[in-house]
């Protein structure tokens, strides 16, 4: 179990606290998660039930309090940390697929994160 390596990141990370659920590609059950940071390429997903590296997961992310459907992103778990390892349990997910209809919503949300970080008062 690794805890990720920020030196390998290709995109800047932005702090978030986004509720969502995730499921494994062959499992219909969903597990609650809290996305703690994200970038254009991936995210840290805080969960007490992380999937192991190599597992394909589908993240359903609730970007805001509107009645819109959650954003659906398919990704691969690249590292994980089980509960009791000293830091927050969870997994690093590298994004692989996002539906064309969700791309614009995702880009707009990332733009708001960037703006908030750049112009904090």
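Any read-out appearing in this document is the output of simple, stated calculations on the displayed coordinates, not a laboratory observation. Nothing here was measured: the structure is a model prediction, and the numbers come from that model. Cβ placement follows ideal geometry from the backbone for every residue including glycine, while neighbour counts extend to all protein chains displayed.
Return one quarter of the surface area of the convex hull spanned by the alpha-carbon atoms of the stretch 17-121, equal to its mean projected area, in nm². Don't jump to the answer; show the numbers that get you there.
Details: hull surface 29.8 nm².
The directionally averaged projection comes out at 7.5 nm².
For n ≥ 4 DSSP H runs only, could you compute -39500 (n - 2.57) per run for the chain, divide by its residues and tell me the 222 nm figure to the nearest 500?
On the way: 1 runs with 19 residues, N = 121.
It comes out at -5500 deg cm²/dmol, rounded to the nearest 500.
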Note: residue 34 to residue 48 extended length (0.36 nm per residue) minus current alpha-carbon separation gives 4.0 nm
Per the 1/(1 + (r/R0)^6) rule, R0 = 35 Å and r from the Cβ atoms of residue 24 and residue 115, FRET efficiency to 0.05 is 0.55
If one builds a Gaussian network model of the chain from Cα atoms under 10 Å apart, the most fluctuating residue listed among 69, 32, 88 is 69
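With 10 angstrom as the radius, rank 102, 29 by how many other C-beta atoms surround their C-beta, starting from the fewest.
29, 102
What number, in percent, do you get for the relative contact order of the chain if the mean sequence gap of Cα pairs under 8 Å and at least 6 apart is divided by its residue count?
Numbers: 249 pairs, mean separation 28.7, N = 121.
The value is 24 percent.
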The simple spin-label model distance between residue 56 and residue 103, using points 7 Å out along Cα→Cβ, in nm, is 2.0
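Taking neighbour counts of Cβ atoms within 10 Å as a proxy for exposure, in what order, fewest first, do 58, 103, 45 appear? Write down the numbers at each step before the final one.
On the way: 58 16, 103 11, 45 28.
Listing 58, 103, 45 from fewest to most nearby Cβ atoms yields 103, 58, 45.
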In vacuo Debye sum over C-alpha of the stretch 33-90, base-10 log of normalised intensity I(q)/I(0) at q = 0.28, 0.30 Å⁻¹, listed in q order, is -1.28, -1.38
Most fluctuating of 42, 90, 23 in the GNM of the chain (C-alpha, under 10 Å) is 23
